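The values are calculated or read from the model by the stated rules, or taken from the named source; none is laboratory data. Computed from a predicted model, the values in this text were never measured in an experiment. Quick reminder, even Gly has a Cβ in these numbers, built from the backbone with ideal geometry, and neighbours come from all protein chains shown. We work out accessible area using only protein heavy atoms, side chains counted, and drop any ligands, DNA or RNA first. Shrake-Rupley method; radii C 1.70, N 1.55, O 1.52, S 1.80 Å.
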Amino acid sequence: MEFKQWYMEYKIHKNRPGLLGDIASLLGMLEVNILTINGVENRTRGMLLQTNDDEKIEILGRMLQKVDNITVLKLREPRLVDILAVRHGRYIERDSDDRKTFRFTRDELGMLVDFLGEVFKREGNQIIGLRGMPRVGKTESIIAGSVCSNKRWTFVSSTLLRQTVRSQLSEEEMTPNNIFIIDGIVSTIRSNEKHHALLQEIMAMPSTKVIEHPDIFVKESAFEYSDFDYIIELRNTPDEEISYEKFTMGYDDF
């Protein structure tokens, strides 16, 4: 059987000396490797484990149920949010109603870039929406995430590059391995027929598309929120309101 990763998270009720050593010894006797370990918010610890025997994980779970000082909260194959929680020591905030919406603030750009980098490594069709006010770091995070995933990025439309609207891309750019960056306002409110045709071609490609201002994109196009795999919200502060009225007014003049 091939080696597989598992995520274990447990809450500490009494952090007595030697507790981590005891758990590590138990894992060692079961020949379960600890790949990464970190505290995950308050009195919770997360571990990324590896073993080639699923039954050992089942045995581990049953044994730890008998340990009074801890309560196992999660013991499962790792999800992206688990991997990032171990790396950064906390979970990404998610919308309680829409579980594909993730929230970040500007002081969490490192975590956002890490998140995007992991998502960008995946092959096939992905549509990612990125909400946020101007100059909060949306485009910069996308580019940094592309670098982390060792992927090239291509601007299809952008306000960063003086209101760029592409009507064609080179053969080298039109590859599914690229990350396509689309400004949802520019591509819908200030687009021409050639750009619209290019956009339709790109959206049909088995590639990753990141759309800034996805709400305007959905409002002004035939695409729906259900087409998005992830919606990311980036704010300067946790209570900042993301409002499009202030920076969409000028687009109607083009």
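Here the Karplus curve 6.51 cos²θ - 1.76 cosθ + 1.60, taken at θ = phi - 60°, turns the phi angles of the stretch 151-157 into couplings of 10, 7, 10, 9, 7, 8, 8 Hz, with x standing for Gly and Pro.
Add +1 for every Lys or Arg and -1 for every Asp or Glu among the other residues with Cβ under 14 Å from the Cβ of T51, and state the total. Provide the component values of the computation, followed by the final result.
Numbers: positive: K4, K56, R76; negative: E2, E31, D53, D54, E55, E58, E77.
Overall, the nearby charge balance is -4.
The slack between E31 and D54, meaning 0.36 nm per residue of separation minus the straight C-alpha distance, is 7.1 nm. Accessible surface for the chain, divided over its residues, is 52 Å² per residue with a 1.4 Å probe. For the stretch 92-249, taking the reciprocal of the average inverse distance between every pair of different Cα atoms yields a Kirkwood hydrodynamic radius of 15.7 Å.
Roughly speaking, to the nearest percent, how much of the stretch 4-85's 1.4 Å accessible area is carbon and sulfur?
Accessible surface attributable to carbon and sulfur in the stretch 4-85 totals 47 percent.
Listed by chain and number, the lysines whose C-alpha is less than 29 Å from the C-alpha of K11, apart from same-chain residues fewer than 8 away, are K56, K66, K74, K100. Residues whose amide H lies under 5 Å from that of L73, counting only those 5 or more places away or on a different chain, are E9, Y10, K11; hydrogens are built 1.01 Å from N in the peptide plane.
Within straight cross-link reach of K151, meaning Cα distance under 18 Å, which lysines are found once same-chain residues fewer than 8 apart are removed? Output for K151: K121, K138, K209. Karplus-derived 3J(HN,Hα) values for the stretch 64-77, using 6.51 cos²θ - 1.76 cosθ + 1.60 with θ = phi - 60°, are 6, 5, 8, 8, 6, 7, 9, 10, 6, 8, 9, 8, 7, 5 Hz; glycine and proline are entered as x. For the residues L48, L20, L112, a GNM of the chain with alpha-carbon springs under 10 Å puts the largest fluctuation on L20. Mean residue ellipticity at 222 nm, helices only, the chain: -9000 deg cm²/dmol; runs of at least 4 DSSP H residues each add -39,500 (n - 2.57), and the sum is divided by the number of residues.
A cut-off under 13 angstrom between Cβ atoms defines the neighbours of E233, and their net charge, with Lys, Arg +1 and Asp, Glu -1, is -2.
Modelled spin-label separation between N150 and E240, with each label point placed 7 Å from Cα along the Cα-to-Cβ direction: 3.3 nm.
Note: the stretch 49-115, Cα convex hull, 130 Å³ per residue.
Pull out the extension gain between A24 and A222, defined as 0.36 nm times the separation in residues minus the alpha carbon to alpha carbon distance; nm, one decimal. Provide the component values of the computation, followed by the final result.
On the way: separation 198, 0.36 × 198 = 71.28 nm, distance 5.33 nm.
Going from the current span to full extension adds 65.9 nm.
Applying the Karplus relation 6.51 cos²θ - 1.76 cosθ + 1.60 with θ = phi - 60° to the stretch 42-54 yields 3J(HN,Hα) values of 6, 9, 10, 10, x, 9, 9, 10, 9, 7, 9, 9, 4 Hz, where x marks Gly and Pro. Counting charges near R90 (Lys, Arg +1; Asp, Glu -1) among other residues having Cβ under 14 Å from its Cβ returns a value of -2.
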